[in-house]
Each structure stands twice: as C-alpha cells, then as structure tokens.
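Throughout, read-outs are computed from the coordinates displayed, never taken from laboratory work. Note that the coordinates shown come from a computational prediction; the quantities given were computed from them, not determined experimentally. All Cβ positions, glycine included, derive from the backbone under ideal geometry; neighbour counts span all protein chains shown.
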Amino acid sequence: MEGALVQSAIVPAVYRSSSGRFRVRARARTNATMVRNTPTRTLTLGGFQGLRQTNFLDTRSVIKRDFGSIVASQIARPRGSASRGVVRAMFERFTEKAIKVIMLAQEEARRLGHNFVGTEQILLGLIGEGTGIAAKVMKSMGINLKDARVEVEKIIGRGSGFVAVEIPFTPRAKRVLELSLEEARQLGHNYIGSEHLLLGLLREGEGVAARVLESLGADPNNIRTQVIRMVGESTEAVGAGVGGGSSGQKMPTLEEYGTNLTKLAEEGKLDPVVGRQDQIERVTQILGRRTKNNPCLIGEPGVGKTAIAEGLAQRISNGDVPETIEGKKVITLDMGLLVAGTKYRGEFEERLKKLMEEIKQNEDIILFIDEVHTLIGAGAAEGAIDAANILKPALARGELQCIGATTLDEYRKHIEKDPALERRFQPVKVPEPTVDETIQILRGLRERYELHHKLRYTDDALIAAAQLSYQYISFQ
C-alpha cells in the first residue's frame, strides 16, 4: 500500500528489489506520510484517492500550515517526527515575501528543467520576488533576473525536462534555509523574510549561487552590508510609526506604488504647465473645503488632465497656494502596480489598507489617481470587495483627499452608476485647448524640446503645427 501511495503521489523513490517486491526508501516514506497528512480544501485523501492531483504549487494559496507541511516533507531528514516538527515550525515563521521566494525558486527549477531546488534557484527567486529587501539590494547592485538566469544556465545548463511534481531541495539549499533562521534569531526577529534568506545564502558561501554572484561582479560582503543597513532602516521606520511622530515618517507602501509629484516639482523634473489656470484654481478651491473636497478631472484623452495635477504640485512647491493646502504632497498612485501580483483573495485589500493607514498617519497627502474609474472592480477577485468600496468610507469621513481623473465616457459608464462614489467626487471639466492656447503651450515647452532634439523651433513652425492639427486631426 505504501508503494502504491508513493507512486500515486509521483515521488520518484520506489524501486524493485531482487525478490520482485516494491520497496520504498526512507525519504519516500517521509514524503508519503506528509503528502497523505497534508490538509487540502478541494481533494478527499481518504483511501488514498486523488493524490496524483496534489501539487505543491497548487496548494500555495492555502494557509501557511499547509505550506509548512508540504515543504517540510521535502527538506526534513528522516529522523522522526521531532525533526519534521522543527522544520514545519520554521516555515510557519516565513513572511509572504519569503514564501513567494520559495515558490519562485521552484518555478525557476521547472523552467530550467531541473528536478531539484538548489542555491541558484533560491537566488533567482530572491531577485524575481521584486519588492522585498533582498530584491531591492540586488537591484541596487545592478543584478537583474535576466542576467542571473543566463549565468545559471552557463554554469549548470538546462535539465532533462522531466520534473517531478514535488521538487526536493539540495543539501546546500537546506543549509541556506537553516542559516536564514539563525540570521533572523541573531537580528532579534521573530519572522523569516527575504532578507534573512539572502543573508543565509551569502553565509553559506558556496554552491552555484556564489559563483553566479561572482560572475555578475557582486561582492558578497558588500551585499551583506547593504542588507543589514536596509533592515536597520526598516526597523527605524516601524519604530517611528509606533512612536506616533509624524515628522520624518516613512511611507514604504506609498513609495512603492506612488510617485511624489511635489518632490519632482521641487527638483525641476516636471514640464512647465502653461495655461489651465482656471482648472488649477478650481481644483485648489475644492481641496480647501472642509467636506466634499475631492475633485475629479473629466476630459477627453490627451487634453491635459495629468498636467493639471502637475501644475498643482508646482504651485505647492512654489508656495503659491492657500494655507489650507500649503505644504501638502501630491502623490500619484499607480493602480496597475498596486493590483499587479495580487493573485489570491485578501492580498489586494491588505495592500490598499496599508496604503490608507500611511495616508491617515500623514495628513499632508493628496492622492492623485489617473483613470479613477479603474477603482471599480479593481482587486475584486473571488467575491472580495473592490478598491472603490474600500476607499468610500475614508473619502466620506475626510480621512483621505483624492484627485481623480477620467474621461467623460468612463465617468458616465462607471462612476455615475455608483451614486455613493459619485457623491465623493466634485467634477471639474477639462476642455480641449483652443488653437491659441495650444500655441501658448507649445511656446512654453519649446525650450525643453529644443534641448532634447538638439534643434531650434521657429514661431511659424509652432503656429503651423497647432493650426494644421486642429484642421486635419481634430477629435483625435
């Protein structure tokens, strides 16, 4: 029966003895026991039915206890239940980003046709995760996923293509996971994040990952120093939030998913905004209200709705605004980036709530959401509530100030059909500029384009461009 169980679980550890009977290695017994005992929501394992469908990657959306059970079966040595219990307890301390690293490491092994997860796959998972401290340090060192993949293929090549359902960890990879736990303990952390996995990888110091880093010109000691520095900075940011001080407060979620237009204006990185004084004044007036202070810019694509938000940021940086919004920061939110990667129910809501908490702690934030109609339905997977319904209460209570931008068609199609959301925004119509206004805009931007294209524009050329565009490509 045990041999049949292992075969149906696709664990390649069954062999035929000289007597003709099937025998199972000790590791396979461990794997079989853990697979049999792994709780699942969709499969009935009674009587050993349906085990062929049990896939490590298929169960990653289940709770961490399941993740720990499955991975523990792949890395625990056959020393009995005590060893497996320690390994499972370790995986229960993994953060979401660390779990994602392990998932990506297995996906990289499958992509390369390898039937094992080594230090090199863990390195690729750390780089590919993208948002954790480890990924940020790698990026700052100029290490990207494409180059790392090339180096891995140079060193170990591609596999045969046949990959088992459950991919085991190599001894060095197991050692990396054990060292990551030690690194977390030394830093006084009760969790294991991507940064601890990277520190464990560097501490292991051998294997293919070390050779890949050497080939890419990265100094392990320098990487370790950068990781420790960033871990310290993130700890200080958490301490500042607990202390309640608003000055110098860090906003990691806003920094990750948003762009500070006011800061760009102070650095002179925004194009000058010519005209649109009436619209900017109207937006300023609405923002200065005590209630119903969320303007929504409505206009056809390309008329300059985003430029109005940039113009407001420039006015704030110059101090040319009323006291009610003086010193505030205009931050544009990238909704696509916010939704990206949220495969499972609850992930998007968690991101958005973190964002809102940071905004509540800092009252100087004005959020600019381009294509604001995308809030409706954003992140609403498997019955979860969308972004619009999460933001409505905060907008109603005045905890969040927001500038929206959308087209007239999208406003009628989405926002007008949701009266509760429509009441939160005050429409500001942005008409298409006239020919004379277009000429003034071109004259204001002429210097920037001359520097970029290394040529000169005459007044006649600017006038002709505006007039001919209006005559021949209107409504486009």
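The table that follows gives values for the structure above.
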quantity: Point-to-point label distance, residue 422-residue 451, nm (Cα→Cβ direction, 7 Å offset); calculated: 4.5
quantity: Where GluC sites (Glu not before Pro) fall in DSSP loop in region 186-228, at most 10 other Cβ within 10 Å; calculated: 206
quantity: Distant-in-sequence amide H partners of residue 130 (H built 1.01 Å from N, under 5 Å); calculated: 135
quantity: Efficiency of FRET from Cβ geometry, residue 141 and residue 353, R₀ 30 Å, rounded to 0.05; calculated: 0.40
quantity: Residue pairs, from the table 292/417; 269/329; 97/139; 329/354; 269/328; 146/269, whose Cα atoms sit over 22 Å apart; calculated: 146/269
quantity: Residue exposure sequence - 140, 194 - by fewest surrounding Cβ within 10 Å; calculated: 140, 194
quantity: Value of relative contact order over region 252-429, rounded to a whole percent, pairs C-alpha under 8 Å and six or more apart; calculated: 31
quantity: For region 316-376: rounded, prolate or oblate by the Cα gyration tensor [a/c cutoff 1.5]; calculated: prolate
quantity: Exposure proxy ranking, count of Cβ atoms within 10 Å, fewest first, for 138, 103; calculated: 103, 138
